[in-house]
1. Of all residues in the stretch 45-91, which are charged (D, E, K, R) and either free of Cβ contacts under 8 Å to residues at least 12 places away in the same chain or in contact with a helix residue (DSSP H, G or I) (Cβ under 6 Å, 6 or more places away or on another chain) (or both)?
2. Please work out which residue is nearest to F22 (Cα to Cα), limiting yourself to the stretch 104-121 and to residues that are exposed (fewer than 15 other Cβ atoms within 10 Å of the Cβ) and under 15 Å from the mean Cα position of the chain (by Cα).
3. Quick check: is even one residue across the stretch 76-88 modelled with pLDDT under 95 and either of a type in the set (G, A, S) or surrounded by 14 or more Cβ atoms within 10 Å (Cβ to Cβ) (or both)?
4. Here is a check on your reading of the model: is F141 aromatic (F, W, Y) and either farther than 28 Å from R156 by Cβ or in contact with an Asp or Glu (Cβ under 8 Å, 6 or more places away or on another chain) (or both)?
5. Between residues in the stretch 112-136 that are touching a residue at least 24 places away in the same chain (Cβ under 8 Å) and part of a loop (DSSP other than H, G, I, E, B) and residues that are loosely packed, with under 15 Cβ neighbours inside 10 Å and hydrophobic (A, V, I, L, M, F, W, C), which pairs lie under 8 Å by C-beta distance while being six or more apart or on different chains?
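The values are calculated or read from the model by the stated rules, or taken from the named source; none is laboratory data. Just so we're clear, the structure is a prediction, and the values are computed from it rather than from any experiment. Cβ atoms come from the backbone with ideal geometry, glycine included; neighbour counts cover every protein chain shown.
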Amino acid sequence: MSKQVMVRCTFERHAGAILEIFNEAILHSTALYDYEPRPPESMTGWFEAKRTGGFPVIGVEDGAGTLLGFGSYGVFRAWPAYKYTVEHSVYVHKEHRGRGLGRTLMRELIAAARQNGVHAMVGGIDASNAGSIALHEKLGFRHAGTLPQVGFKFGRWLDLAFYQLLLDTPAQPVDG
């Protein structure tokens, strides 16, 4: 395998590749509970939300600059008291799964969360996604609960499992 490089993703350089990864997941998996592929213009708002929220978009590229996977986090819930909690996601291009890229991206997201004073990382995972669940557990995430039959895709009900990692940050949390 060629050299891999961690990058901060930008709209200009990575929007098309991220959209391709998103749309493949929408069409062929329960990693996203969307039905229809996202249009290219959706990436403008997605990147803008990351920028204005101060949320990282971390990617891994091969030596040729091809995006192999990416991860990010964002708002968990919109109320102020949740300001130290984020919901994260990681996606790897279908041709590069099973090579440890998800773990690499997750470790980078956890480091970014610590640096940004996040206290709790939450992952909403389709309960049948054994690979993602195993990855989260290996990284110290704990099962926080499952919501049965909250999604419906591919002609079946889907259970959504929540996994949580508590960090030792921020050093001095404040109200408001």
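1. Applying the first criterion (charged (D, E, K, R)) to the stretch 45-91 yields 48, 50-51, 61-62, 77, 83, 87.
Those that are charged (D, E, K, R) and either free of Cβ contacts under 8 Å to residues at least 12 places away in the same chain or in contact with a helix residue (DSSP H, G or I) (Cβ under 6 Å, 6 or more places away or on another chain) (or both): E48, R51, R77, K83.
2. Of all residues in the stretch 104-121, those exposed (fewer than 15 other Cβ atoms within 10 Å of the Cβ) come to 107, 111, 115, 117.
Now restrict to residues that are under 15 Å from the mean Cα position of the chain (by Cα): 107, 111.
Values: R107: 21, A111: 23 Å.
Among them, the one singled out is R107.
3. Of the stretch 76-88, the ones modelled with pLDDT under 95 are 78.
From what is left, the residues that are either of a type in the set (G, A, S) or surrounded by 14 or more Cβ atoms within 10 Å (Cβ to Cβ) (or both) are 78.
Checked against the condition, which is being modelled with pLDDT under 95 and either of a type in the set (G, A, S) or surrounded by 14 or more Cβ atoms within 10 Å (Cβ to Cβ) (or both), the stretch 76-88 yields at least one hit.
4. Details: aromatic (F, W, Y): yes; either farther than 28 Å from R156 by Cβ or in contact with an Asp or Glu (Cβ under 8 Å, 6 or more places away or on another chain) (or both): no.
No.
5. Qualifying pairs under 8 Å: G117/A171; H119/L166.
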